[in-house]
Amino acid sequence: MTDSALSLLGLALRGSNLAVGEEPVAEACKTGRAQLVLTAADAAPNSAERARRWAQAGAVPWIPAPWTKEELGGALGRSVCAMAALTDRGLAAALAAKLALRDEALRPIASQLEEKKKPRAQKKPAVREI
């Protein structure tokens with residue numbers, strides 16, 4: 001389960017749907033592109049707090065990931081990674097769902113992202129009689 005979640009992050013990176021590192025995560029949150037912010041389990045407390053604040057300011061969920069910086073970095077082709085932000089709604093919802101299978105406390109976040117993923121009903125044009 002965890003490996004498939006890490007693979008999903010690698011897929012997001014290859015598709016340019018992942019901001020990796022402090023500055024890219026901050027920018028994604030500030031511009032409204034971030035859909036989900038993650039921090040490594042062993043990220044420095046100051047880094048995790050910054051990521052949480054950026055996510056809160058951007059009105060997106062923040063999850064402390066179950067992986068270490070080395071595990072997260074390895075999945076992303078780096079030596080270490082303390083934080084990342086998914087910028088695709090569908091991928092964010094899929095990752096949160098995978099993580100919620102491991103940690104039931106994440107179920108509300110997964111549900112929230114799944115709900116955001118659904119397309120909004122479009123207004124039907126008014127029909128005029130002739």
- [ ] Scan the stretch 4-27 and give yes if some residue there is part of a loop (DSSP other than H, G, I, E, B), closer than 21 Å to Asp103 by Cβ, at pLDDT 95 or above and within 14 Å of the chain's Cα centre (by Cα), otherwise no.
- [x] no
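Is it the case, given these coordinates, that Ala100 is surrounded by 19 or more Cβ atoms within 10 Å (Cβ to Cβ), within 17 Å of Ala12 (Cβ to Cβ) and free of Cβ contacts under 8 Å to residues at least 40 places away in the same chain? Even if it seems obvious, please write down each step before you answer.
Working: surrounded by 19 or more Cβ atoms within 10 Å (Cβ to Cβ): yes; within 17 Å of Ala12 (Cβ to Cβ): no; free of Cβ contacts under 8 Å to residues at least 40 places away in the same chain: yes.
The answer is no for Ala100.
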- [ ] Go over the candidates Ala85, Ala92 one by one and state the one that is touching a helix residue (DSSP H, G or I) at 6+ places or on another chain (Cβ under 7 Å), outside any helix (DSSP H, G or I) and touching a residue at least 24 places away in the same chain (Cβ under 8 Å).
- [x] Ala85
Task: Matching residues, the stretch 58-78, being in a loop (DSSP other than H, G, I, E, B) and of a type outside the set (Phe, Trp, Tyr) - done: Gly58, Ala59, Val60, Pro61, Ala65, Pro66, Thr68, Leu76, Gly77, Arg78
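Can you confirm whether the stretch 37-54 contains a residue that is farther than 17 Å from Arg78 by Cβ, within 11 Å of the chain's Cα centre (by Cα), part of a helix (DSSP H, G or I) and at pLDDT 95 or above?
No; the residues of the stretch 37-54 include none that is farther than 17 Å from Arg78 by Cβ, within 11 Å of the chain's Cα centre (by Cα), part of a helix (DSSP H, G or I) and at pLDDT 95 or above.
The values are calculated or read from the model by the stated rules, or taken from the named source; none is laboratory data. This is a predicted model, so every value here is computed, not measured. All Cβ positions, glycine included, derive from the backbone under ideal geometry; neighbour counts span all protein chains shown.
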